[in-house]
1. Show the residue pairs that are 6+ apart or on different chains and have beta-carbon atoms under 9 Å apart, the first residue being within segment 28-42 and more than 12 Å from Cys275 (Cα to Cα), the second being in a helix (DSSP H, G or I) and among the hydroxyl-bearing types (Ser, Thr, Tyr).
2. Of the conditions (1) modelled with pLDDT of 85 or more; (2) outside any loop (DSSP other than H, G, I, E, B), Phe65 fails just one. Which one is it?
3. Report whether or not Ser101 is within 30 Å of Glu194 (Cα to Cα) and among the hydroxyl-bearing types (Ser, Thr, Tyr).
4. State the number of residues belonging to segment 133-187 that are more than 23 Å from Gly241 (Cα to Cα) and not in a helix (DSSP H, G or I).
5. Which one is surrounded by the fewest Cβ atoms within 10 Å (Cβ to Cβ) among residues in segment 87-124 that are charged (D, E, K, R) and assigned to a helix (DSSP H, G or I)?
6. Which of the following residues is without any contact (Cβ under 8 Å) to a residue 24 or more places away in the chain, surrounded by fewer than 18 Cβ atoms within 10 Å (Cβ to Cβ) and not aromatic (Phe, Trp, Tyr): Ala156, Ala196?
7. Pairs please, first residue from segment 244-271 and of a type in the set (Lys, Arg), second anywhere and crowded, with 18+ Cβ neighbours inside 10 Å, Cβ atoms under 7 Å, 6+ apart in sequence or on different chains.
Amino acid sequence: MNDTEKKLALRKKSRSQMIWRQFRKSRTAILGLCILTVFVLFAVFADVIEDFDTRAIATNQQARFEAPSLKNLFTENAHIFGTDEYGRDVFARIIHGARVSLSIGILATSCSAVIGGLLGAVAAFYGKKWDFIIMRCMDIISSIPSILLAMAVVAALGANLTNLLIALSFSSIATYARLVRSSVVTLVGQEFIEAARACGASSFKIIVKHIIPNSLSPIICQMAFSSSGMILTAASMSYLGLGIQPPDPEWGSMLASAKTYIWSYPYLITIPGICIVLAALSITLIGDGLRDALDPKLKD
């Protein structure tokens, strides 16, 4: 590693440390990070904590509608969140459902950010007819409410996890295309872009290596906010029967199954509802902290 590479590495490290120090100043952002970390840990170790086949899927008519209890906490008969109408453990379904809900939020947001970001960068970099064609397509997509567009895509392709991811990703592409385009327009005329052109760098290399990395700050903030919206939209889709299908656990489908018992067994709808709210809120709080940490105008 030569001296120039060492200086660049140190600069990136110091910038990362500066962003982390700024992020830590926000107590709400740290709270959101802690809540999200708990959900992620439960999702990652869901199979270790609760068996999927015997606890989250298998029915047990003798254990129907058991109330939440800490009785037999460290045994196989523990039901700290109670059981549902089929005798399935609610806690097991919650943590296995967290894996699905968080995966949808992360994957759908990442796909839409990558595709939309590339389209926005191409539109701004090449301009003229490419800018016109791409942005008019984005206008068409953004003119349709995102949840309505997602419902139409799932209805056409079928209700399953893959199609739900496609629908959610497609419905958010326009947001990232517009965001990246506005950032790239200010970068295209910069001297370092002209220098890269003079050195013989291809247009694709300039976009990927120089333009997109310099547009990451607004993209990262938007991804944080979009992820929470993706979780809410995915839960809404599953609640309407257009998302994850029973008996697979997912927070939205758990709400749909529990609506019949909202008065007699309110814990069935309260617990997944609280999880949806906490997951979305935690990501939103993290997004607020990232926005403050990445925006130099907001720093002390």
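1. Filtered contacts from segment 28-42: Leu31/Ser282; Gly32/Ser282; Gly32/Thr284; Leu33/Ser282; Cys34/Ser282; Thr37/Ser282.
2. So Phe65 meets the others, but not (2).
3. The answer is no for Ser101.
4. Here the count works out to 3.
5. Looking at residues that are charged (D, E, K, R) and assigned to a helix (DSSP H, G or I), I get Arg99.
6. Ala156
7. Lys259/Ile269
The values are calculated or read from the model by the stated rules, or taken from the named source; none is laboratory data. What you see is a predicted model, and the numbers here were worked out from it, not measured in a lab. Positions of Cβ are backbone-derived with ideal geometry, glycine not excepted, and every protein chain shown enters the neighbour counts.
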